[in-house]
Amino acid sequence: MNVLVVGAGYVGIVTAVCLADKGHNITCVDTDEEKVRQINSGSCPMHENGLQELLARCVSGRGTLKASSNYNGARDSEIIFLCIGTPCNSRGRIDLSYVKGAITDIGTVVAKSNNHPVVVVRSTVLPGTMEEVVIPLLEKSSRKKAGNDFSVAFNPEFLQEGKALHGFMNPDKIIIGEYDRRAGDTLEKLYHGFPAPVIRTDLRTAEMIKLASNAFLATKISFINEIGNLCKQLGVDVYQVADAIGYDPRIGRMFLNAGIGFGGSCLPKDLSALVSTAKEAGCEMKVLEAVLSVNVQQVTRMLEIARKRLGTFSNKRVAVLGLAFKPETDDVREAPAIAIIRQLLVEGATVQVYDPLAMSNAKKVLPPEVKFCKNARQAVSLSDCVLIATEWDEFKNENLYVGKLVIDGRRVLDPDKAKRVCHYEGVCW
Ligand code: UGA
(Lines give C-alpha, C1' and ligand atoms only; values in the text may rest on other atoms or scores of the structure.)
Protein backbone atom coordinates (compact mmCIF):
# COMPACT_ATOMS: atom_id res chain seq x y z
CA MET A 1 0.00 0.00 0.00
CA ASN A 2 1.05 3.64 -0.44
CA VAL A 3 1.44 5.06 3.04
CA LEU A 4 2.29 8.57 4.19
CA VAL A 5 3.76 8.93 7.68
CA VAL A 6 3.62 12.47 9.03
CA GLY A 7 6.26 13.15 11.69
CA ALA A 8 9.73 11.57 11.75
CA GLY A 9 9.93 11.44 15.53
CA TYR A 10 10.26 8.25 17.49
CA VAL A 11 6.83 6.76 16.71
CA GLY A 12 6.84 8.03 13.12
CA ILE A 13 10.21 6.57 12.15
CA VAL A 14 9.52 3.21 13.78
CA THR A 15 6.12 3.01 12.06
CA ALA A 16 7.59 4.08 8.71
CA VAL A 17 10.57 1.72 8.80
CA CYS A 18 8.60 -1.32 9.97
CA LEU A 19 5.88 -0.85 7.34
CA ALA A 20 8.54 -0.26 4.67
CA ASP A 21 10.19 -3.49 5.77
CA LYS A 22 6.85 -5.26 5.23
CA GLY A 23 7.01 -4.09 1.60
CA HIS A 24 4.68 -1.06 1.70
CA ASN A 25 5.71 2.15 -0.10
CA ILE A 26 6.34 4.68 2.61
CA THR A 27 6.92 8.41 2.45
CA CYS A 28 7.82 10.02 5.74
CA VAL A 29 7.17 13.77 5.95
CA ASP A 30 8.88 16.04 8.46
CA THR A 31 9.47 19.79 8.60
CA ASP A 32 13.04 19.21 9.81
CA GLU A 33 15.11 19.29 6.60
CA GLU A 34 18.12 17.78 8.34
CA LYS A 35 16.14 14.73 9.45
CA VAL A 36 14.78 14.32 5.93
CA ARG A 37 18.30 14.47 4.50
CA GLN A 38 19.55 11.95 7.06
CA ILE A 39 16.78 9.46 6.36
CA ASN A 40 17.22 9.73 2.59
CA SER A 41 20.92 9.06 2.98
CA GLY A 42 20.10 5.88 4.92
CA SER A 43 21.02 7.20 8.34
CA CYS A 44 18.64 7.06 11.31
CA PRO A 45 18.22 10.39 13.17
CA MET A 46 17.79 8.73 16.59
CA HIS A 47 18.93 5.71 18.52
CA GLU A 48 16.77 2.59 18.65
CA ASN A 49 18.04 -0.98 18.69
CA GLY A 50 18.20 -2.40 15.16
CA LEU A 51 16.54 0.62 13.54
CA GLN A 52 19.62 1.97 11.74
CA GLU A 53 20.18 -1.31 9.85
CA LEU A 54 16.52 -1.74 8.94
CA LEU A 55 16.17 1.89 7.82
CA ALA A 56 19.26 1.64 5.60
CA ARG A 57 17.92 -1.57 4.07
CA CYS A 58 14.54 -0.01 3.29
CA VAL A 59 15.98 3.24 1.87
CA SER A 60 18.88 1.91 -0.18
CA GLY A 61 18.23 -1.80 -0.63
CA ARG A 62 14.50 -2.27 -1.10
CA GLY A 63 13.69 1.34 -1.97
CA THR A 64 10.45 1.21 0.02
CA LEU A 65 11.17 4.22 2.24
CA LYS A 66 11.84 7.85 1.46
CA ALA A 67 11.51 11.08 3.39
CA SER A 68 10.31 14.50 2.30
CA SER A 69 9.87 17.94 3.79
CA ASN A 70 6.73 18.62 1.78
CA TYR A 71 3.54 16.91 0.70
CA ASN A 72 4.19 16.95 -3.06
CA GLY A 73 3.58 13.46 -4.31
CA ALA A 74 1.47 12.50 -1.29
CA ARG A 75 -1.70 12.51 -3.36
CA ASP A 76 -1.65 8.74 -4.00
CA SER A 77 -1.51 7.86 -0.31
CA GLU A 78 -4.05 5.26 0.72
CA ILE A 79 -3.24 5.65 4.41
CA ILE A 80 -1.92 8.76 6.16
CA PHE A 81 -0.48 8.19 9.63
CA LEU A 82 -0.18 11.16 11.95
CA CYS A 83 2.72 10.60 14.35
CA ILE A 84 3.35 14.07 15.72
CA GLY A 85 4.50 14.60 19.31
CA THR A 86 1.95 15.68 21.89
CA PRO A 87 3.92 17.32 24.71
CA CYS A 88 2.28 18.50 27.94
CA ASN A 89 1.80 22.19 28.67
CA SER A 90 2.41 23.76 32.10
CA ARG A 91 -1.10 22.83 33.30
CA GLY A 92 -0.47 19.16 32.57
CA ARG A 93 -2.73 19.24 29.48
CA ILE A 94 -1.68 17.68 26.17
CA ASP A 95 -0.53 20.44 23.80
CA LEU A 96 -2.22 19.86 20.44
CA SER A 97 -0.71 22.77 18.54
CA TYR A 98 1.70 20.61 16.48
CA VAL A 99 -1.01 18.05 15.81
CA LYS A 100 -3.40 20.76 14.66
CA GLY A 101 -0.82 22.18 12.23
CA ALA A 102 -0.14 18.76 10.74
CA ILE A 103 -3.86 17.93 10.49
CA THR A 104 -4.42 21.13 8.53
CA ASP A 105 -1.63 20.10 6.13
CA ILE A 106 -3.04 16.58 5.84
CA GLY A 107 -6.42 18.14 5.02
CA THR A 108 -4.87 19.76 1.95
CA VAL A 109 -3.56 16.34 0.83
CA VAL A 110 -7.02 14.84 1.38
CA ALA A 111 -8.55 17.71 -0.62
CA LYS A 112 -6.48 16.79 -3.70
CA SER A 113 -6.85 13.02 -3.35
CA ASN A 114 -9.21 10.89 -5.43
CA ASN A 115 -8.22 7.84 -3.42
CA HIS A 116 -10.57 8.02 -0.40
CA PRO A 117 -7.54 8.05 1.96
CA VAL A 118 -7.68 6.82 5.55
CA VAL A 119 -6.29 9.34 8.04
CA VAL A 120 -4.94 7.48 11.06
CA VAL A 121 -3.82 9.23 14.24
CA ARG A 122 -1.11 7.47 16.24
CA SER A 123 -0.12 10.36 18.52
CA THR A 124 -1.46 9.94 22.07
CA VAL A 125 -4.51 12.16 22.58
CA LEU A 126 -7.23 12.49 25.21
CA PRO A 127 -10.62 10.81 24.72
CA GLY A 128 -12.79 13.00 22.53
CA THR A 129 -9.91 14.67 20.65
CA MET A 130 -10.54 12.76 17.41
CA GLU A 131 -14.21 13.73 17.32
CA GLU A 132 -13.91 17.24 18.70
CA VAL A 133 -10.64 18.46 17.17
CA VAL A 134 -9.17 16.18 14.50
CA ILE A 135 -12.23 15.41 12.36
CA PRO A 136 -13.63 18.99 12.31
CA LEU A 137 -10.18 20.34 11.34
CA LEU A 138 -9.73 17.72 8.62
CA GLU A 139 -13.17 18.49 7.19
CA LYS A 140 -12.48 22.21 7.29
CA SER A 141 -9.12 22.09 5.54
CA SER A 142 -10.08 19.39 3.01
CA ARG A 143 -13.62 20.68 2.40
CA LYS A 144 -14.64 17.03 2.34
CA LYS A 145 -16.78 14.88 4.61
CA ALA A 146 -15.28 12.30 6.97
CA GLY A 147 -16.85 8.90 6.45
CA ASN A 148 -17.98 9.83 2.91
CA ASP A 149 -14.92 11.21 1.10
CA PHE A 150 -12.20 10.00 3.42
CA SER A 151 -11.94 7.69 6.43
CA VAL A 152 -10.63 8.28 9.94
CA ALA A 153 -9.15 6.03 12.64
CA PHE A 154 -7.19 6.19 15.85
CA ASN A 155 -4.54 3.48 16.08
CA PRO A 156 -2.45 3.88 19.24
CA GLU A 157 1.05 2.49 19.59
CA PHE A 158 2.32 0.59 22.61
CA LEU A 159 6.00 0.65 21.70
CA GLN A 160 8.67 0.62 24.36
CA GLU A 161 11.84 2.52 23.57
CA GLY A 162 14.72 0.10 23.15
CA LYS A 163 12.34 -2.71 22.08
CA ALA A 164 10.29 -0.84 19.51
CA LEU A 165 11.05 -2.95 16.43
CA HIS A 166 10.17 -6.18 18.17
CA GLY A 167 7.11 -4.47 19.66
CA PHE A 168 5.90 -3.26 16.27
CA MET A 169 6.41 -6.59 14.54
CA ASN A 170 5.05 -8.66 17.46
CA PRO A 171 2.36 -6.56 19.14
CA ASP A 172 0.27 -8.05 21.95
CA LYS A 173 -2.78 -6.34 20.44
CA ILE A 174 -3.73 -4.04 17.59
CA ILE A 175 -6.25 -1.39 18.58
CA ILE A 176 -8.28 0.21 15.83
CA GLY A 177 -10.61 3.00 16.86
CA GLU A 178 -12.68 3.62 13.75
CA TYR A 179 -14.92 6.49 12.72
CA ASP A 180 -16.21 4.51 9.77
CA ARG A 181 -16.08 0.85 8.82
CA ARG A 182 -13.87 1.45 5.79
CA ALA A 183 -11.14 2.91 8.02
CA GLY A 184 -11.11 -0.25 10.17
CA ASP A 185 -11.19 -2.56 7.12
CA THR A 186 -8.22 -0.76 5.52
CA LEU A 187 -6.14 -0.90 8.68
CA GLU A 188 -7.00 -4.56 9.22
CA LYS A 189 -5.70 -5.20 5.71
CA LEU A 190 -2.50 -3.26 6.46
CA TYR A 191 -1.90 -5.29 9.62
CA HIS A 192 -2.82 -8.61 7.98
CA GLY A 193 -0.39 -11.32 9.09
CA PHE A 194 0.66 -9.60 12.33
CA PRO A 195 0.43 -12.20 15.11
CA ALA A 196 -1.97 -10.29 17.39
CA PRO A 197 -5.66 -9.93 18.16
CA VAL A 198 -7.23 -6.96 16.40
CA ILE A 199 -9.66 -5.00 18.54
CA ARG A 200 -11.97 -2.74 16.56
CA THR A 201 -13.77 -0.14 18.56
CA ASP A 202 -14.91 3.49 18.50
CA LEU A 203 -12.54 6.44 18.56
CA ARG A 204 -13.03 7.46 22.21
CA THR A 205 -12.53 3.95 23.52
CA ALA A 206 -9.31 3.56 21.55
CA GLU A 207 -8.07 6.91 22.86
CA MET A 208 -8.78 5.76 26.42
CA ILE A 209 -7.20 2.30 25.94
CA LYS A 210 -3.85 3.92 25.24
CA LEU A 211 -3.97 6.20 28.27
CA ALA A 212 -5.32 3.52 30.60
CA SER A 213 -2.53 1.20 29.51
CA ASN A 214 0.20 3.68 30.43
CA ALA A 215 -1.63 4.65 33.64
CA PHE A 216 -1.74 1.01 34.72
CA LEU A 217 1.96 0.47 34.03
CA ALA A 218 2.82 3.58 36.04
CA THR A 219 0.55 2.37 38.84
CA LYS A 220 2.41 -0.93 39.05
CA ILE A 221 5.71 0.95 39.40
CA SER A 222 4.52 3.33 42.10
CA PHE A 223 2.80 0.44 43.89
CA ILE A 224 5.99 -1.59 44.13
CA ASN A 225 7.98 1.52 45.06
CA GLU A 226 5.64 2.16 47.97
CA ILE A 227 5.85 -1.47 49.05
CA GLY A 228 9.63 -1.23 48.62
CA ASN A 229 9.88 1.82 50.87
CA LEU A 230 8.12 -0.08 53.64
CA CYS A 231 10.10 -3.28 52.96
CA LYS A 232 13.34 -1.39 53.47
CA GLN A 233 12.08 -0.05 56.79
CA LEU A 234 11.10 -3.57 57.90
CA GLY A 235 14.23 -5.34 56.64
CA VAL A 236 12.40 -7.18 53.85
CA ASP A 237 13.78 -7.57 50.30
CA VAL A 238 11.22 -6.02 47.93
CA TYR A 239 12.75 -7.82 44.93
CA GLN A 240 12.03 -11.19 46.51
CA VAL A 241 8.51 -10.01 47.23
CA ALA A 242 8.08 -8.86 43.61
CA ASP A 243 9.44 -12.17 42.26
CA ALA A 244 7.03 -14.13 44.42
CA ILE A 245 3.86 -12.13 43.82
CA GLY A 246 4.73 -11.93 40.12
CA TYR A 247 4.10 -15.67 39.72
CA ASP A 248 0.40 -14.94 40.15
CA PRO A 249 -0.77 -14.36 36.56
CA ARG A 250 -3.27 -11.83 37.85
CA ILE A 251 -0.31 -9.74 39.04
CA GLY A 252 2.62 -10.58 36.71
CA ARG A 253 6.28 -9.85 37.42
CA MET A 254 6.80 -7.15 34.79
CA PHE A 255 6.93 -3.48 35.85
CA LEU A 256 7.51 -4.45 39.48
CA ASN A 257 11.13 -3.29 39.64
CA ALA A 258 11.32 -0.93 42.58
CA GLY A 259 13.64 2.09 42.49
CA ILE A 260 13.68 5.77 41.62
CA GLY A 261 10.54 5.56 39.51
CA PHE A 262 9.38 6.12 35.98
CA GLY A 263 10.51 8.75 33.47
CA GLY A 264 10.38 9.09 29.71
CA SER A 265 8.23 11.02 27.30
CA CYS A 266 5.10 8.96 27.88
CA LEU A 267 4.24 7.63 31.33
CA PRO A 268 4.62 10.92 33.30
CA LYS A 269 2.98 13.01 30.56
CA ASP A 270 0.06 10.69 29.88
CA LEU A 271 -0.68 10.33 33.57
CA SER A 272 -0.62 14.09 34.19
CA ALA A 273 -2.91 14.63 31.21
CA LEU A 274 -5.37 12.02 32.47
CA VAL A 275 -5.39 13.46 35.99
CA SER A 276 -5.92 17.05 34.85
CA THR A 277 -8.66 16.04 32.39
CA ALA A 278 -10.39 14.14 35.16
CA LYS A 279 -10.18 17.20 37.42
CA GLU A 280 -11.77 19.38 34.77
CA ALA A 281 -14.49 16.77 34.34
CA GLY A 282 -15.12 16.88 38.09
CA CYS A 283 -13.88 13.33 38.54
CA GLU A 284 -11.09 12.97 41.06
CA MET A 285 -8.44 10.32 40.31
CA LYS A 286 -7.07 9.56 43.75
CA VAL A 287 -5.04 6.51 42.73
CA LEU A 288 -3.37 8.17 39.76
CA GLU A 289 -2.61 11.35 41.69
CA ALA A 290 -0.89 9.21 44.30
CA VAL A 291 1.01 7.35 41.56
CA LEU A 292 2.45 10.65 40.37
CA SER A 293 3.37 11.87 43.84
CA VAL A 294 5.02 8.57 44.85
CA ASN A 295 7.06 8.85 41.66
CA VAL A 296 8.37 12.30 42.57
CA GLN A 297 9.02 11.09 46.11
CA GLN A 298 11.35 8.29 44.93
CA VAL A 299 13.85 10.79 43.51
CA THR A 300 13.66 12.77 46.74
CA ARG A 301 14.32 9.58 48.71
CA MET A 302 17.51 8.87 46.79
CA LEU A 303 18.77 12.37 47.50
CA GLU A 304 17.77 12.11 51.17
CA ILE A 305 19.69 8.86 51.61
CA ALA A 306 22.82 10.34 50.03
CA ARG A 307 22.49 13.61 51.96
CA LYS A 308 22.23 11.73 55.24
CA ARG A 309 25.33 9.66 54.50
CA LEU A 310 27.38 12.65 53.31
CA GLY A 311 26.11 15.18 55.88
CA THR A 312 25.69 17.78 53.12
CA PHE A 313 26.06 17.96 49.34
CA SER A 314 27.86 21.27 49.57
CA ASN A 315 31.38 20.92 48.07
CA LYS A 316 30.93 17.14 47.71
CA ARG A 317 31.83 15.40 44.46
CA VAL A 318 28.85 13.31 43.37
CA ALA A 319 29.00 10.90 40.44
CA VAL A 320 25.72 10.14 38.67
CA LEU A 321 25.84 6.97 36.57
CA GLY A 322 23.10 6.80 33.96
CA LEU A 323 21.33 9.77 32.41
CA ALA A 324 18.79 8.10 30.11
CA PHE A 325 15.33 7.44 31.59
CA LYS A 326 16.02 3.72 31.10
CA PRO A 327 18.75 1.59 29.51
CA GLU A 328 19.08 0.96 25.75
CA THR A 329 18.01 4.49 24.86
CA ASP A 330 19.62 7.92 24.52
CA ASP A 331 16.39 9.60 25.66
CA VAL A 332 16.68 11.84 28.73
CA ARG A 333 13.15 13.24 28.72
CA GLU A 334 11.75 13.26 32.29
CA ALA A 335 14.69 11.06 33.31
CA PRO A 336 15.01 10.82 37.11
CA ALA A 337 18.77 11.43 36.68
CA ILE A 338 18.17 14.92 35.30
CA ALA A 339 16.01 15.96 38.29
CA ILE A 340 18.61 14.47 40.64
CA ILE A 341 21.48 16.36 39.04
CA ARG A 342 19.64 19.69 39.07
CA GLN A 343 18.93 19.31 42.81
CA LEU A 344 22.53 18.30 43.54
CA LEU A 345 23.74 21.49 41.85
CA VAL A 346 21.24 23.60 43.80
CA GLU A 347 22.69 22.13 47.00
CA GLY A 348 26.26 22.96 46.02
CA ALA A 349 27.60 19.58 44.88
CA THR A 350 30.13 19.13 42.11
CA VAL A 351 28.51 16.72 39.68
CA GLN A 352 30.27 14.35 37.31
CA VAL A 353 28.24 12.08 35.09
CA TYR A 354 28.47 9.25 32.62
CA ASP A 355 26.02 7.42 30.36
CA PRO A 356 26.91 5.05 27.51
CA LEU A 357 24.42 6.62 25.05
CA ALA A 358 22.67 9.68 26.44
CA MET A 359 25.58 12.11 27.03
CA SER A 360 24.92 14.36 24.04
CA ASN A 361 21.18 14.64 24.75
CA ALA A 362 21.94 15.32 28.43
CA LYS A 363 24.40 18.09 27.50
CA LYS A 364 21.53 19.93 25.82
CA VAL A 365 19.47 20.08 29.04
CA LEU A 366 22.05 20.23 31.84
CA PRO A 367 23.97 23.32 32.94
CA PRO A 368 27.60 23.66 31.79
CA GLU A 369 29.11 23.08 35.25
CA VAL A 370 28.23 19.36 35.03
CA LYS A 371 31.35 17.37 34.17
CA PHE A 372 30.82 14.70 31.50
CA CYS A 373 33.25 11.81 32.02
CA LYS A 374 34.57 9.47 29.36
CA ASN A 375 33.58 6.33 31.21
CA ALA A 376 32.01 5.10 34.45
CA ARG A 377 35.39 4.47 36.06
CA GLN A 378 36.48 8.07 35.57
CA ALA A 379 33.22 9.41 37.05
CA VAL A 380 33.42 7.09 40.07
CA SER A 381 37.13 7.49 40.79
CA LEU A 382 36.96 11.17 41.67
CA SER A 383 33.77 11.04 43.73
CA ASP A 384 32.64 11.14 47.36
CA CYS A 385 29.39 9.41 46.45
CA VAL A 386 27.99 7.49 43.47
CA LEU A 387 24.30 7.59 42.54
CA ILE A 388 23.20 4.91 40.06
CA ALA A 389 20.19 6.20 38.13
CA THR A 390 19.93 3.86 35.11
CA GLU A 391 20.45 0.11 34.99
CA TRP A 392 22.99 -0.10 32.17
CA ASP A 393 24.80 -3.47 32.04
CA GLU A 394 28.20 -1.83 32.28
CA PHE A 395 27.35 -0.47 35.76
CA LYS A 396 26.77 -4.01 37.10
CA ASN A 397 30.38 -4.71 38.00
CA GLU A 398 30.95 -4.35 41.79
CA ASN A 399 34.68 -3.83 41.27
CA LEU A 400 33.92 -0.41 39.80
CA TYR A 401 32.92 0.86 43.23
CA VAL A 402 35.57 -0.44 45.63
CA GLY A 403 35.61 1.65 48.83
CA LYS A 404 32.97 4.11 47.55
CA LEU A 405 29.64 5.24 48.95
CA VAL A 406 27.10 3.93 46.43
CA ILE A 407 23.35 4.66 46.41
CA ASP A 408 21.64 2.36 43.92
CA GLY A 409 18.40 3.64 42.40
CA ARG A 410 17.74 0.66 40.11
CA ARG A 411 18.98 -2.49 41.90
CA VAL A 412 21.88 -2.60 39.47
CA LEU A 413 24.12 -4.35 41.99
CA ASP A 414 23.52 -7.43 44.09
CA PRO A 415 23.27 -5.87 47.58
CA ASP A 416 25.15 -8.71 49.34
CA LYS A 417 28.05 -8.69 46.89
CA ALA A 418 28.17 -4.89 46.75
CA LYS A 419 28.31 -4.55 50.54
CA ARG A 420 31.50 -6.63 50.55
CA VAL A 421 33.35 -4.04 48.45
CA CYS A 422 31.67 -0.68 49.02
CA HIS A 423 29.35 1.30 51.29
CA TYR A 424 26.15 0.32 49.55
CA GLU A 425 22.54 1.32 50.06
CA GLY A 426 19.49 0.91 47.82
CA VAL A 427 16.61 3.33 47.49
CA CYS A 428 14.05 0.81 48.74
CA TRP A 429 16.21 -2.16 49.74
C1 UGA B 1 5.93 3.36 27.70
C2 UGA B 1 5.06 2.11 27.66
O3 UGA B 1 5.71 1.03 28.31
C4 UGA B 1 4.75 1.73 26.20
O5 UGA B 1 3.87 0.62 26.16
C6 UGA B 1 4.10 2.93 25.49
O7 UGA B 1 3.84 2.67 24.14
C8 UGA B 1 5.03 4.12 25.59
O9 UGA B 1 5.29 4.41 26.97
C10 UGA B 1 4.33 5.27 24.91
O11 UGA B 1 3.28 5.73 25.40
O12 UGA B 1 4.73 5.65 23.80
P13 UGA B 1 8.56 3.79 27.40
O14 UGA B 1 8.27 5.24 27.69
O15 UGA B 1 9.46 3.44 26.27
O16 UGA B 1 7.17 3.02 27.11
O17 UGA B 1 9.19 3.22 28.72
P18 UGA B 1 8.94 1.99 29.73
O19 UGA B 1 9.70 0.81 29.33
O20 UGA B 1 7.48 1.84 29.95
O21 UGA B 1 9.62 2.58 31.05
C22 UGA B 1 9.11 3.79 31.63
C23 UGA B 1 9.85 4.13 32.89
O24 UGA B 1 9.46 3.25 33.94
C25 UGA B 1 11.37 4.03 32.82
O26 UGA B 1 11.94 5.17 33.45
C27 UGA B 1 11.72 2.78 33.59
O28 UGA B 1 12.98 2.82 34.20
C29 UGA B 1 10.60 2.79 34.64
N30 UGA B 1 10.31 1.45 35.18
C31 UGA B 1 9.87 0.46 34.37
C32 UGA B 1 10.49 1.20 36.54
O33 UGA B 1 10.89 2.09 37.31
N34 UGA B 1 10.22 -0.05 37.03
C35 UGA B 1 9.75 -1.05 36.24
O36 UGA B 1 9.52 -2.16 36.77
C37 UGA B 1 9.59 -0.79 34.87
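Return the residues of segment 192-230 that are within 21 Å of Ala290 (Cβ to Cβ) and open to solvent by less than 10 Å² (accessible area, probe 1.4 Å); say none if nothing qualifies.
The initial filter retains those residues of segment 192-230 that are within 21 Å of Ala290 (Cβ to Cβ), namely 208, 211-230.
Once the filter is applied, which keeps residues that are within 21 Å of Ala290 (Cβ to Cβ) and open to solvent by less than 10 Å² (accessible area, probe 1.4 Å), segment 192-230 yields Leu211, Ala215, Ala218, Ser222, Ile224, Asn225, Gly228.
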Segment 107-116 - residue that is open to solvent by less than 50 Å² (accessible area, probe 1.4 Å) and not hydrophobic (A, V, I, L, M, F, W, C) and, of those, nearest to the ligand (Cβ to nearest atom): Gly107
Just checking, how many residues over segment 315-359 are in a strand (DSSP E or B) and away from the ligand (no atom under 16 Å from the Cβ)? 8
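Residue-by-condition table, conditions (1) under 18 Å from Met208 (Cβ atoms); (2) at pLDDT 95 or above; (3) within 16 Å of the ligand (Cβ to nearest atom):
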residue	(1), (2), (3)
Val118	no, yes, no
Thr124	yes, no, yes
Ser142	no, yes, no
Asn148	no, yes, no
Ser151	no, yes, no
Pro156	yes, yes, yes
Gln160	no, no, yes
When residues of segment 30-58 are filtered for being among the hydrophobic types (A, V, I, L, M, F, W, C) and open to solvent by 10 Å² or more (accessible area, probe 1.4 Å), how many remain? 5
Residues of segment 383-406 being touching a residue at least 40 places away in the same chain (Cβ under 8 Å), more than 16 Å from the ligand (Cβ to nearest atom) and either of a type in the set (Val, Ile, Thr) or touching a Pro at 6+ places or on another chain (Cβ under 7 Å) (or both), which ones? Val386
Select, from Thr350, Thr312, the only residue that is out of contact with any helix residue (DSSP H, G or I) (no Cβ under 9 Å at 6 or more places or on another chain) and among the β-branched types (Val, Ile, Thr). Thr312
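Determine whether Val152 is free of Cβ contacts under 8 Å to residues at least 24 places away in the same chain, open to solvent by less than 50 Å² (accessible area, probe 1.4 Å) and of a type in the set (A, V, I, L, M, F, W, C). Explain how you work it out, then say what you get.
Details: free of Cβ contacts under 8 Å to residues at least 24 places away in the same chain: no; open to solvent by less than 50 Å² (accessible area, probe 1.4 Å): yes; of a type in the set (A, V, I, L, M, F, W, C): yes.
No, not satisfied.
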Does Ala67 fit the bill of being farther than 25 Å from Ile209 by Cα, in a loop (DSSP other than H, G, I, E, B) and not aromatic (Phe, Trp, Tyr)? no
Among the numbered conditions (1) more than 9 Å from the ligand (Cβ to nearest atom); (2) over 28 Å from His47 (Cβ atoms), tell me where Ser272 comes up short. (2)
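Looking only at segment 156-165, decide whether some residue is more than 24 Å from Tyr191 (Cα to Cα) and surrounded by fewer than 17 Cβ atoms within 10 Å (Cβ to Cβ).
no
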Pairs returned, first residue in segment 123-147 that is under 14 Å from Asp95 (Cα atoms) and without any contact (Cβ under 8 Å) to a residue 12 or more places away in the chain, second residue that is in a helix (DSSP H, G or I) and open to solvent by less than 50 Å² (accessible area, probe 1.4 Å), beta-carbon separation under 6 angstrom, 6 or more apart or interchain, are none
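Within segment 41-56, track down each residue that is in a helix (DSSP H, G or I) and in contact with a Leu (Cβ under 9 Å, 6 or more places away or on another chain).
So in segment 41-56, the residues in a helix (DSSP H, G or I) come out as 51-56.
Scanning segment 41-56 gives Leu51, Leu54, Leu55.
Answer with yes or no whether Lys363 is more than 16 Å from the ligand (Cβ to nearest atom), outside any loop (DSSP other than H, G, I, E, B) and under 23 Å from the mean Cα position of the chain (by Cα). Write out each step before concluding.
Values: more than 16 Å from the ligand (Cβ to nearest atom): yes; outside any loop (DSSP other than H, G, I, E, B): yes; under 23 Å from the mean Cα position of the chain (by Cα): yes.
For Lys363, the condition - more than 16 Å from the ligand (Cβ to nearest atom), outside any loop (DSSP other than H, G, I, E, B) and under 23 Å from the mean Cα position of the chain (by Cα) - is met.
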Flagged in segment 375-429 as among the aliphatic types (A, V, I, L, M), closer than 16 Å to Leu344 by Cβ, modelled with pLDDT of 95 or more and open to solvent by 10 Å² or more (accessible area, probe 1.4 Å), in numbering order, are Leu405
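Can you give me the number of residues within segment 255-287 that are without any contact (Cβ under 8 Å) to a residue 24 or more places away in the chain and open to solvent by 20 Å² or more (accessible area, probe 1.4 Å)? Steps first, please.
Looking only at segment 255-287, we keep the residues that are without any contact (Cβ under 8 Å) to a residue 24 or more places away in the chain, and these are 278-286.
Checking which are open to solvent by 20 Å² or more (accessible area, probe 1.4 Å) leaves us with 279-286.
Residues flagged as without any contact (Cβ under 8 Å) to a residue 24 or more places away in the chain and open to solvent by 20 Å² or more (accessible area, probe 1.4 Å) within segment 255-287 amount to 8.
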Within segment 253-268, is there a residue that is assigned to a helix (DSSP H, G or I) and within 16 Å of the ligand (Cβ to nearest atom)? yes
Restricting segment 297-314 to residues that are hydrophobic (A, V, I, L, M, F, W, C), part of a helix (DSSP H, G or I) and out of contact with any Cys (no Cβ under 8 Å at 6 or more places or on another chain), which is surrounded by the fewest Cβ atoms within 10 Å (Cβ to Cβ)? Leu303
Selected residue [touching a helix residue (DSSP H, G or I) at 6+ places or on another chain (Cβ under 9 Å), among the hydroxyl-bearing types (Ser, Thr, Tyr) and in contact (Cβ under 8 Å) with a residue 24 or more places away in the chain] from Ser77, Ser41: Ser77
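Report yes if Val120 is open to solvent by less than 60 Å² (accessible area, probe 1.4 Å), in a helix (DSSP H, G or I) and either in contact with a Lys or Arg (Cβ under 8 Å, 6 or more places away or on another chain) or assigned by TED's automatic domain parsing to the domain that holds Asp185 (or both), otherwise no. Walk me through how you get there before you give the answer.
Details: open to solvent by less than 60 Å² (accessible area, probe 1.4 Å): yes; in a helix (DSSP H, G or I): no; either in contact with a Lys or Arg (Cβ under 8 Å, 6 or more places away or on another chain) or assigned by TED's automatic domain parsing to the domain that holds Asp185 (or both): yes.
Answer is no for this residue.
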Quick one: which of Val134, Val99 is modelled with pLDDT of 95 or more, buried (at least 22 other Cβ atoms within 10 Å of the Cβ) and not in a loop (DSSP other than H, G, I, E, B)? Val134
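The values are calculated or read from the model by the stated rules, or taken from the named source; none is laboratory data. This one's a predicted model, so the numbers in the text were calculated from it and none came from an experiment. Using ideal geometry, Cβ is built from the backbone for each residue, glycine included, and neighbour counts are taken over all protein chains shown. Surface areas here come from the heavy atoms of the whole protein model, side chains and all, with no ligands, DNA or RNA. Shrake-Rupley method; radii C 1.70, N 1.55, O 1.52, S 1.80 Å.
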